[in-house]
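Report on the following structure.
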Amino acid sequence: MAAHDRAATGLQHAIIQTLRREGPQSRADLARRLGVNRNNLADPLAALTAAGFVHEPNLAASTGGRKARLVELNARAGFIAAVDLGATSLDAAVTDLQLHILAERSEPVDVAQGPTLMLERATQMVRALLADLGLTPDRLLGVGMGVPGPVDYRLGRTVSPPIMPGWNQFPIKDHLAEAFGCPAYVDNDVNIMALGEQFAGLGRGAESFIFVKLGTGIGAGIVLGGRIYRGSDGCAGDIGHMAVDGSDVLCRCGNVGCLEALAGGPGIARRARLAAEAGRAPRVASFLQEHDELTSVDVGHLAAQGDPGAVEVIRETGRLVGRVMASLVNVLNPSLVVIGGGVAQIGDVLLASIREAVYRRSLPLATRHLRIERSAVEPRAGVLGAAVMALDEVLSAEGLERSLRA
Ligand SMILES: [Zn+2]
């Protein structure tokens with residue numbers, strides 16, 4: 001690319017970022033914000049308008065009574081498809097370019113059925129959503145997807161995911177890009193949940209925060225300096241497989257003593273069963289006589305009903321998670337820890353135990369301004385974050401260059 005093309009793309013990107021961040025504004029204000037001469041905006045704005053990314057529909061009163069037209073991002077220039085695959089659920093949504101969710105669907109699934117079947121279902125869900133909206137797939141500018149395992153973000157492949165048999169090295173990104181004829185982006189589910197929380201929840205404006213997902217698996221999405229920190233290979237925040245002192249429970253990853261094996265959903269249910277067998281959890285015991293299955297949320301309900309064994313299991317879960325969180329808090333000094341995921345639905349007893357353990361074991365300076373709260377955007381954190389991830393890429397300098405060249 002010639003130097004002047006690169007400069008033009010840079011200015012187009014800066015215009016888009018300013019409009020996303022600050023909303024519609026006049027050409028004069030935009031030029032002032034970007035520190036350029038207003039005349040220099042004419043060409044990049046013409047290119048962005050021709051591509052449909054911006055328009056100037058509004059009339060606003062300016063000083064002196066004349067009406068100034070406002071440049072704004074064209075929310076309907078295209079659409080984003082977002083998919084959040086969990087161990088047991090599949091959620092999909094279609095958004096506009098201002099990330100309003102226009103349509104969404106959810107289905108129960110079993111991720112262990114493998115990538116071909118799961119991605120086929122995800123693709124069908126997105127096509128059905130587009131059809132509901134009267135849109136054809138060629139209106140999609142990008143697809144974002146979260147999956148419950150480690151992802152090589154650049155390649156868009158899962159890497160040895162413990163709870164996703166059959167998915168190792170599967171080219172999810174390429175598969176989705178081919179299915180929809182547009183760029184696709186894939187990350188692990190907790191990173192996209194952190195992005196969703198940052199866009200619409202408690203993480204708005206937070207420079208450094210951690211989103212902890214407590215579900216079948218356990219993981220943390222780390223936002224540092226306003227951006228997701230993925231580490232050098234994409235597995236930063238994989239706290240589910242940190243070792244817990246004194247535990248010899250076998251984890252699905254093959255190691256023993258992982259946090260997830262004890263404090264993930266199945267681990268909580270298993271410990272509650274053991275408490276019932278040992279005679280310490282009478283309500284859990286009678287529940288098990290009437291039901292084949294026991295989930296972590298059931299254990300939470302039984303704890304809320306006063307079962308002493310269930311209460312102890314939930315408190316111990318909070319202590320285990322809290323100790324690992326305390327280490328992260330000491331290292332990263334975030335201002336906020338957000339707790340989400342299915343197990344977080346257990347509620348206040350669990351949250352209180354996590355808080356207690358974090359505050360007890362973290363350095364006073366690290367917790368002076370620390371808040372620990374439940375997610376404000378669940379159950380939509382995942383799909384919202386997948387849409388944020390895809391839109392950020394579509395409207396990045398490289399993404400815009402690709403669109404404007406097409
Ligand atoms: Zn493990």
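The values are calculated or read from the model by the stated rules, or taken from the named source; none is laboratory data. Just so we're clear, the structure is a prediction, and the values are computed from it rather than from any experiment. All Cβ positions, even for glycine, are placed from backbone atoms using ideal geometry, and neighbour counts span all protein chains on display.
In the stretch 129-141, which residues are farther than 14 Å from Val383 by Cβ and in contact (Cβ under 8 Å) with a residue 12 or more places away in the chain?
Of everything in the stretch 129-141, those that are farther than 14 Å from Val383 by Cβ and in contact (Cβ under 8 Å) with a residue 12 or more places away in the chain turn out to be Leu130, Asp132, Leu133, Leu135, Pro137, Asp138, Arg139, Leu140, Leu141.
Scan the stretch 363-380 for residues that are aliphatic (A, V, I, L, M) and touching a strand residue (DSSP E or B) at 6+ places or on another chain (Cβ under 6 Å) and report the count. Write out each step before concluding.
Within the stretch 363-380, the first condition is being aliphatic (A, V, I, L, M), and the residues that meet it are 363, 365-366, 370, 372, 376-377.
So of that shortlist, the ones also touching a strand residue (DSSP E or B) at 6+ places or on another chain (Cβ under 6 Å) come out as 372.
The total comes to 1.
Would it be correct to say that Glu316 is within 16 Å of the ligand (Cβ to nearest atom) and not in a loop (DSSP other than H, G, I, E, B)?
Considered against the rule, which asks whether it is within 16 Å of the ligand (Cβ to nearest atom) and not in a loop (DSSP other than H, G, I, E, B), Glu316 comes out as no.
Output the number of residues of the stretch 243-284 satisfying the condition of being hydrophobic (A, V, I, L, M, F, W, C), within 19 Å of Met325 (Cβ to Cβ) and at pLDDT 95 or above.
Residues in the stretch 243-284 being hydrophobic (A, V, I, L, M, F, W, C), within 19 Å of Met325 (Cβ to Cβ) and at pLDDT 95 or above: 6 in total.
Yes/no per residue for (1) within 19 Å of Gly219 (Cα to Cα); (2) among the small types (Gly, Ala, Ser); (3) touching a residue at least 24 places away in the same chain (Cβ under 8 Å):
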residue: Ile314; (1), (2), (3): yes, no, yes
residue: Ile346; (1), (2), (3): yes, no, yes
residue: Leu351; (1), (2), (3): yes, no, yes
residue: Arg360; (1), (2), (3): no, no, yes
residue: Glu373; (1), (2), (3): yes, no, yes
residue: Ala381; (1), (2), (3): yes, yes, yes
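Pick from the stretch 218-251 the residues that are in contact with a Phe, Trp or Tyr (Cβ under 7 Å, 6 or more places away or on another chain) and not hydrophobic (A, V, I, L, M, F, W, C): which of them is surrounded by the most Cβ atoms within 10 Å (Cβ to Cβ)?
Within the stretch 218-251, the match that is surrounded by the most Cβ atoms within 10 Å (Cβ to Cβ) is Gly221.
Consider Pro379 against the criteria (1) under 20 Å from the mean Cα position of the chain (by Cα); (2) in a helix (DSSP H, G or I): it satisfies all of them except one. Which criterion is unmet?
The failed condition is (2).
Among what's in the stretch 123-137 and is touching a helix residue (DSSP H, G or I) at 6+ places or on another chain (Cβ under 9 Å) and in a helix (DSSP H, G or I), pick the residue that is nearest to Ser160 (Cα to Cα).
Thr123
With Ala261, Ala269, Ala276, Ala236 as the choices, which residue is in the same structural domain as Gly318 (by TED's automatic domain parsing), away from the ligand (no atom under 14 Å from the Cβ), out of contact with any Asp or Glu (no Cβ under 8 Å at 6 or more places or on another chain) and assigned to a helix (DSSP H, G or I)?
On inspection, the qualifying residue turns out to be Ala276.
Go through Arg38, Arg27, Arg21 for me and flag whichever is out of contact with any helix residue (DSSP H, G or I) (no Cβ under 8 Å at 6 or more places or on another chain) and surrounded by fewer than 19 Cβ atoms within 10 Å (Cβ to Cβ).
Being out of contact with any helix residue (DSSP H, G or I) (no Cβ under 8 Å at 6 or more places or on another chain) and surrounded by fewer than 19 Cβ atoms within 10 Å (Cβ to Cβ) holds for just one of Arg38, Arg27, Arg21, which is Arg21.
Quick check on my filter: what residues within the stretch 19-58 are among the β-branched types (Val, Ile, Thr) and within 18 Å of Leu404 (Cα to Cα)?
Hits for the stretch 19-58 are Thr49, Val54.
If the requirement is being more than 21 Å from Ala261 (Cα to Cα) and crowded, with 24+ Cβ neighbours inside 10 Å, which of these qualifies: Asp307, Asp348? Walk me through it before giving the result.
On the way: Asp348 fails: crowded, with 24+ Cβ neighbours inside 10 Å.
The unique qualifying residue is Asp307.
Do we find that Val337 is within 15 Å of Leu363 (Cβ to Cβ) and either at pLDDT 95 or above or part of a helix (DSSP H, G or I) (or both) in this structure? Before the answer, list the steps.
Details: within 15 Å of Leu363 (Cβ to Cβ): yes; either at pLDDT 95 or above or part of a helix (DSSP H, G or I) (or both): yes.
Answer is yes for this residue.
Touching a residue at least 60 places away in the same chain (Cβ under 8 Å), away from the ligand (no atom under 15 Å from the Cβ) and crowded, with 24+ Cβ neighbours inside 10 Å: does that describe Asp189?
Judged against the criteria, Asp189 is a match.
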